[in-house]
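Okay, structure first, notes after.
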Amino acid sequence: MKQSNRIKAMVKEEQEESSNRPDNTAFTQQRLPAWQPILSASIVIPMFVLIGAAFIGVGVALFITSRDIQLQELDYTGDDSEHPCFKCRTNTEKCTCSMTFSIPTLFKGPVFFYYGLTNYFQNQRKYGASKDDNQLYGDLNYFTSPSTDCDPYTRDSKNMPIVPCGALANSMFNDTFTLSHTVNGVQKIVPLDGKGIAWWTDYNIKYRNPSITPLINAFNGTKKPTNWPKPIYELDTTDVYNNGFINQDFLVWMRRAALPDFRKLYRRITHDDYAAGLPAGNYTLTIAYNYPVHSFNGKKKVVLSNVSWMGGKNDFLGIAYIVVGSMCVVMSIVMLIVYARFKFGEDD
Amino acid sequence: MLRRRLNRLFGGDEGRVHSRTIYVGHKSCPPNEAYIPPKFCDNRIVSSKYTVWNFLPKNLFEQFRRIANFYFLIIFLVQVIVDTPTSPVTSGLPLFFVITVTAVKQGYEDWLRHKADREVNEYRVSVLEDGRRIRKMSAKIKVGDIVEVEEDETFPCDLILLQSSRDDGTCFVTTASLDGESNHKTHYTVADLESDLQYLSATIECEQPQPDLYKFVGRMHIYRNSQEPDVRSLGPENLLLKGANLKNTQKICGVAVYTGMETKMALNYQGKSQKRSAVEKSINAFLLVYLFILVSKALVCTTLKYVWQSKHDETWYNEKTQKEKETNQYLKMFTDFLSFMVLFNFIIPVSMYVTVEMQKFLGSFFITWDKDFFDPEIQEGALVNTSDLNEELGQVEYIFTDKTGTLTQNNMEFIECCIDGFQYKHGDGSSELDGFCVTDGPVNKIQQKAGREREELFLRALCLCHTVQVKESTKQRQDQNDQFDQIDQVDGLGLDHGFLDPPQKEMGFIASSPDEIALVKGAMRYGFTFLGLESKNMKILNRNKDVETYELLHVLNFDPVRRRMSVMVRSKTGDILLFCKGADSSIFPQVRQEEVERIRMHVERNATEGYRTLCVAYKHLSAQEYARADADLREARLALQDREEKLMAVYNRVETDMILIGATAVEDQLQDEAAQTMEALQGAGMKVWVLTGDKMETAKSTCYACGLFKKNTELLELTLRTLEDGGRSREERLHDLLLEYHKKAVQDAPPVKLGITRSWSVAGHDYGFIIDGASLSMVLSSSSEPNSRRYKNLFLQICQNCTSVLCCRMAPLQKAQIVKLVKNSKGNPITLSIGDGANDVSMILEAHVGIGIKGKEGRQAVKNSDYAIPKLKHLKKLLLAHGHLYYVRIAHLVQYFFYKNLCFILPQFLYQFFCGYSQQPLYDAAYLTMYNICFTSMPILAYSLLEQHICIEVLLEHSTLYRDIAKNAMLRWKLFLYWTALGIFHGLVFFFGVRFLFSNPALQDNGQVFGNWSYGTIVFTVLVFTVTLKLALDTRHWTWINHFVIWGSLAFYVFFSFFWGGIIWPFLKHQRLYFVFANMLSSVSAWLVIILLILLSLLPEILLVVLRKPRGPHARQIAAVTPLSYKHLKERE
């Protein structure tokens, strides 16, 4: 009896203990096994040397690659009165001018044909937001009542809805270029490929034409953007898959540039004759000069460039890598000196 | 303090009507008068804050009263109203999230309260109405109802005990849920009532409800047969409080006097005043800086925008709308300013508040969970009452500790006594029946004993003069046995000796103070056993095994002002005796002076040995004297107002002209590891002040024992004794002494270098300062105002230069005064008070951090504390380990949060310079929203919960490490500037790195170009990785959780970006990020620039970490170190 009482008491005590006593787990006792890395000099110095070496290596590779990229830039703004395009600078009529240039050695292919604009703020907020993605996705409901984001490019003076509406579409770059190669005194047109210049997802998924054939019927009761010479469904009448909203020139323009000085891909030179590149020789660039940049002191240029695995020519990356790599190496040397001196001090 | 404050708070009602009248059983009294039922509130308890209807508006209102929430609401509203660059969702969603989470939490808590309220309110109770028992809901009880309560039930409201099933008219209750004291307390019925309550006709007049649990004054008028009403006094012993439990009593009946929200329990249900930690103040200061940065950024951008616009005319490709052209220029500027504010508002993140709150809340669990704080004796661990102050534990500079129960165990043992100047020490077990082993008294060299008569008188006094109860474990009474097994019973703590024979009666003592038990037990050792109190008769078993009975006439209770207590008893022979025991200083003036000197020596010697001494005196009362005292006492007890003062006056009148019999010495053992703890705390640079109500000698010896005073410590004494030396007026003497000590301790002390101000071993001289309550009040309230301020300053300066300070003879309020004095002194040092008793509550509430010891003196200290620990020794780990870690964690959390948002928003700011100040966001809205919520929140939260930059063992071993974080070291402006500079550096690197890359946006090998969203995404990717890796670099303690959240967050970012860019989201107006991330990853240049920029950003960090690494003897142990410790380690070497 007495015994059992005591046992009961003990059991009770144990129960009480277990109910009140904090859990003895690694987590509750803040004793989770932990890795305590120490960035000691003996690890960091070799690490820095390695990183430095790797960076310098990459940097040199980048630098060489970038240096090997060929670039042909032609400013055709025509600010200079000597310039062939000077006449077109303020001309509102259709105006064509041509520039000649020569390529001394083979311009390795594939060659990409860019146009560039400077002092052009495609990245302004209101400008960038001035479009209606629903229209561009082919939603006919928004053809007749475009989003007010497009103001003041929503409706024309007769209050007709504009498709595609908005400042971004309205200001689409509309200079056109032809490039001809002088072979034995004869101008041979270099075929330019207008495909594959925009992101694949843009012309396959993000932008859609309304599923009405012919396309023109979808645009009944709408107007073309005021600055456009022709409506969107006539951008490329030769190819259904490059017409309307999925016209790649249009898509390239619609992808806003990050900075006020930018270039955009215009054409690729992929024709069999020029697959290896543009051979050395004289070339003529004929420009249908439409796009006004004079009012905002902008410049227009054409850039011919080939690309490498790292993209277009850009010396920054290579130099930056070399600099950072060298910094690592220098730092590791400094650290080594500090470390050594400190160690000697300790030994004393 | 608390009481005063509360009294002041609730005093308003009392001012108008001093008392309330209650008609017992709702019967008109006297019976012929018309009965007008008075209006009192019903017994419904409402602890909930909200109802279903007012929850939403009330809760929202309360949440938006917080400055931060309000700020975010304003930003949100601006986004809704003004045309801003980011959609309202970006700031609305996080705000909504925060508000919802808080509302849900508060709603849940309130629901729990509702549930608890309902349970209490719907509890069925028995009410006697016209002689019948009626069951009704607790909420329906009205004042004046007679309520019946059975054993183990909880009292439904505050009751006056009318009837008890026990024949002696008592009942036992426990008040565990009120003040945590689990011992049984005796309450008494109102004397001489009708046995049948149905015929009771009485009114009760009592004070208005007030929150003090231990105070009640009232008067009961009993009307019988149209005579003049009988009047009975009612005191707290008659009042049963709501929330207490009935024990050991079958049932009781009582009349409800306070109900519902007017019960003492409800009145005590008050939140404590909020304490704010130093870290929070730093956060607010930093916040202001960031607010300034934010506003100036917005201003700069607005200004530049208009400057830029004046140079750049409106371009043909981006014409303004008609509306824009018409808008007032200044209004446009203003909306532009607001837009920029919105664009940059992420620099002050909503999530920081959430993270800080979560860190504090979750972090505090580690204290509760710590098994080192578990005390097997009381079966309890540490308790966290507020999690707001975790980090403050790492910042303590001054510790104010109570002595009894905190430094010492409050486990009293009777050591010796002195009777008539002869010393008696109890031998070890082998003593004879008369139990006295006599050692040399200092007075008489010859071994001698006091007269047997005196001995017995002394022992009887010990047996009678107390308020101890005998606890009966077995209900059936048995004949007295020769042997007793004694059980100490203090706060329900039993020590079972375990060798009982069945018939023996277990017996224990219950008392409010352990001294009393020690004394009763001491008397028992010498042959006088207190058997208990039975219907006002105290029984004593004397040496001859005879039972003596004394009628207990009056108990003159102990109070801290008088510092003594007395009983009046009538012996069998009819003699009326008064026995008094109390502190020497309070007894000596009240006794005839001839005996004093002999005993004083004993008392002082005992006190220097660290014992607690009490003097015992007695006096014979003649019948007339007794009659007068009796009448006075009764009158005073009936007084409704100033009862205490009146009682005190009577007590003082009665307790005069006594004869001193002897003194006792009781040892209060030091707490476990008290000395080590104190040494560690001092080593950590904290100054320990002992504030005690005890005598100087006792306290001093405790200080020596704890190592607070060392052998070579020079003591500077400022007590009544030193003040009375020299024969001049106290004022002058005080002035001189203060100046002298100041010269010694402050002016002559070697100037300490800045870095080691808090070092104690450097100075050749250690000073200890001792001051007593009387001197302190002279210092604090000197006659003239300029003097007083000067004295205060001198006093503070002396104290601050002493290693330890002892303040003895302190009243509770004085303790708080000292804390306040130090708290408000120069530099606003962080103070910590630790104590275990009700007398420490005031200083616990006053200090920055209040710590309660779960000791033996009840639970008030614990209830009012911020943290409670079972033992003093736990303080070491609480401060040195937990406090240190919490501080480092939260400091890093705060700095990191500001840093990561600075480098988040800086690129966005810089981008404005390249986009014509058009408020174009650099990042997509999803990134803006998710950055703080998802991508970077978890790693820092995990860090701030788990980081141990130095492991706990090392922290405990090297207490000096605590000094490294002293004075808010990790949140100083210098470090804040460092972090800010780092943030700016990173922001610049991110933005311009990508900017140079984009000088040719053809970044893919297919010649296609990237647009502005690709730009932002690259910057954002670099940002997320750098910020997370920066934290990884700072993490010294990688548990699997850290690994999981750090790598998990990065993986989640990548996953989310793919997901976000992989689908055409129908609810989005613009599919900005469609395939941007995937396209970015297809570009080698993007990869290379991301790697480059991350490394470049982290390079200086890595370099710093390496160079900061400690070397030397401690290097192995202190593997990883705070930013400051390396320097200190070197200094120490």
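Per the conditions (1) within 25 Å of B:LEU213 (Cα to Cα); (2) not in a helix (DSSP H, G or I), the sole criterion not satisfied by B:PRO85 is (1). Kindly indicate whether B:THR1028 is over 19 Å from A:GLY196 (Cβ atoms), at pLDDT 90 or above, more than 7 Å from chain A (Cβ to nearest Cβ) and over 42 Å from the mean Cα position of the chain (by Cα). The answer is no for B:THR1028. For segment A:147-181, name all the residues that are within 13 Å of another protein chain (Cβ to nearest Cβ), touching a Lys or Arg at 6+ places or on another chain (Cβ under 9 Å) and farther than 16 Å from B:GLU319 by Cβ. Passing the criteria: A:SER147, A:PHE173. Within segment B:1044-1062, if we keep just the residues that are over 12 Å from B:SER937 (Cα atoms) and among the aliphatic types (A, V, I, L, M), the residue that is farthest from the chain's Cα centre (by Cα) turns out to be B:VAL1054.
Any chance you could count how many residues in segment B:239-252 are more than 13 Å from B:THR154 (Cβ to Cβ), open to solvent by 10 Å² or more (accessible area, probe 1.4 Å) and not in a loop (DSSP other than H, G, I, E, B)? Final tally of qualifying residues: 1.
Residues of segment A:102-130 being among the β-branched types (Val, Ile, Thr) and either at the interface with chain B (Cβ under 9 Å from one of its Cβ atoms) or crowded, with 21+ Cβ neighbours inside 10 Å (or both), which ones?
Listed by number, the list holds a single entry, A:VAL111.
Of all residue pairs spaced 6 or more apart or on separate chains, those with beta-carbon atoms under 6 Å, a first member in segment A:190-209 that is more than 7 Å from every other protein chain (Cβ to nearest Cβ) and a second member that is part of a loop (DSSP other than H, G, I, E, B) are A:PRO191/A:HIS271; A:ASP193/A:THR270; A:ARG208/A:TYR137; A:ARG208/A:GLY138; A:ASN209/A:GLY138. A single entry from B:ILE1018, B:ILE940, B:ILE950, B:ILE984 fulfils the requirement of being within 30 Å of B:HIS1070 (Cα to Cα) and in contact (Cβ under 8 Å) with a residue 60 or more places away in the chain: B:ILE1018. When segment B:968-1005 is filtered for residues that are charged (D, E, K, R) and either closer than 23 Å to B:LEU1095 by Cα or touching a helix residue (DSSP H, G or I) at 6+ places or on another chain (Cβ under 8 Å) (or both), the ones remaining, listed by number, are B:ARG995, B:ASP1005. When segment B:1031-1090 is filtered for residues that are buried (at least 21 other Cβ atoms within 10 Å of the Cβ), more than 10 Å from chain A (Cβ to nearest Cβ) and part of a loop (DSSP other than H, G, I, E, B), only B:LEU1073 remains. Take the residues in segment B:312-330 that are farther than 19 Å from A:HIS294 by Cα and more than 60 Å from the chain's Cα centre (by Cα), then tell me which one is least open to solvent (accessible area, probe 1.4 Å). Here the answer is B:THR321. Report, by residue number, each residue of segment B:190-202 that is open to solvent by 30 Å² or more (accessible area, probe 1.4 Å) and within 41 Å of the chain's Cα centre (by Cα). Answer for segment B:190-202, where residues must be open to solvent by 30 Å² or more (accessible area, probe 1.4 Å) and within 41 Å of the chain's Cα centre (by Cα): just B:ALA191.
Selection of segment B:225-238 for residues being in a loop (DSSP other than H, G, I, E, B) and either touching a His at 6+ places or on another chain (Cβ under 6 Å) or under 25 Å from B:LEU633 (Cα atoms) (or both) yields B:GLN227, B:GLU228, B:PRO229, B:GLY235.
Filtering segment A:303-315 for residues that are part of a loop (DSSP other than H, G, I, E, B) and surrounded by fewer than 19 Cβ atoms within 10 Å (Cβ to Cβ) leaves a non-empty set.
Within the option set B:ASP145, B:ASP130, B:ASP117, B:ASP110, being over 30 Å from B:LEU928 (Cβ atoms) and surrounded by fewer than 15 Cβ atoms within 10 Å (Cβ to Cβ) holds for one residue only, B:ASP130. Does segment A:49-67 contain any residue that is over 31 Å from the mean Cα position of the chain (by Cα), modelled with pLDDT of 80 or more, on the phi < 0 side of the Ramachandran plot and not assigned by the TED database to the domain that holds A:TYR291? Within segment A:49-67 (the criterion being over 31 Å from the mean Cα position of the chain (by Cα), modelled with pLDDT of 80 or more, on the phi < 0 side of the Ramachandran plot and not assigned by the TED database to the domain that holds A:TYR291), the answer is yes, since at least one residue qualifies. With a requirement of 2 or more residues that are in the same structural domain as B:ASN557 (by the TED database) and open to solvent by less than 10 Å² (accessible area, probe 1.4 Å), the helices (runs of 4 or more DSSP H) lying completely within segment B:594-689 that satisfy it span B:596-608, B:623-638.
Does segment B:23-32 contain at least one residue that is at pLDDT below 85, of a type outside the set (D, E, K, R), out of contact with any Pro (no Cβ under 8 Å at 6 or more places or on another chain) and in a helix (DSSP H, G or I)? Scanning segment B:23-32, I find at least one residue that is at pLDDT below 85, of a type outside the set (D, E, K, R), out of contact with any Pro (no Cβ under 8 Å at 6 or more places or on another chain) and in a helix (DSSP H, G or I), so the answer is yes. When B:GLU947 is tested against the conditions (1) open to solvent by less than 10 Å² (accessible area, probe 1.4 Å); (2) farther than 21 Å from B:VAL279 by Cβ; (3) within 13 Å of chain A (Cβ to nearest Cβ); (4) touching a Leu at 6+ places or on another chain (Cβ under 8 Å), the lone failure is (2). Residues satisfying the criterion are absent from segment A:279-295 (criterion: assigned to a strand (DSSP E or B), aromatic (Phe, Trp, Tyr) and open to solvent by 10 Å² or more (accessible area, probe 1.4 Å)). No other residue among B:GLU416, B:GLU392 is of a type outside the set (Val, Ile, Thr), more than 17 Å from the chain's Cα centre (by Cα) and more than 16 Å from B:LYS871 (Cα to Cα) apart from B:GLU416.
Quick grid of which residues meet (1) outside any strand (DSSP E or B); (2) open to solvent by less than 10 Å² (accessible area, probe 1.4 Å); (3) closer than 20 Å to B:THR386 by Cβ:
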position	(1), (2), (3)
B:LYS815	yes, yes, no
B:LEU821	yes, no, no
B:GLY827	yes, no, no
B:ILE834	no, yes, yes
B:ASP840	yes, yes, yes
B:ILE844	yes, yes, yes
B:ALA861	yes, yes, yes
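I'm checking my understanding of the structure. Among residues of segment B:534-569 that are of a type in the set (Ser, Thr, Tyr) and surrounded by fewer than 18 Cβ atoms within 10 Å (Cβ to Cβ), which one is nearest to B:TYR618 (Cα to Cα)?
B:THR549
Within segment B:874-917, restricting attention to residues that are open to solvent by less than 10 Å² (accessible area, probe 1.4 Å) and not in a helix (DSSP H, G or I), the residue that is modelled with the lowest pLDDT is B:GLY916.
Of the residues B:LYS572, B:LYS581, the single one that is surrounded by fewer than 17 Cβ atoms within 10 Å (Cβ to Cβ) and in contact (Cβ under 8 Å) with a residue 12 or more places away in the chain is B:LYS572. Restricted to segment B:1008-1018, and to residues there that are within 10 Å of chain A (Cβ to nearest Cβ) and assigned to a helix (DSSP H, G or I), the residue that is surrounded by the fewest Cβ atoms within 10 Å (Cβ to Cβ) is B:SER1014. Take A:THR77 and tell me if it is open to solvent by 20 Å² or more (accessible area, probe 1.4 Å) and more than 14 Å from chain B (Cβ to nearest Cβ). Considered against the rule, which asks whether it is open to solvent by 20 Å² or more (accessible area, probe 1.4 Å) and more than 14 Å from chain B (Cβ to nearest Cβ), A:THR77 comes out as no.
The values are calculated or read from the model by the stated rules, or taken from the named source; none is laboratory data. Keep in mind the model is a prediction, meaning the values are calculated, not measured. Note: ideal-geometry Cβ built from the backbone for every residue, glycine included; neighbour counts use all protein chains shown. The accessibility values were calculated without ligands, DNA or RNA, using every heavy atom of the protein model including side chains. Shrake-Rupley method; radii C 1.70, N 1.55, O 1.52, S 1.80 Å.
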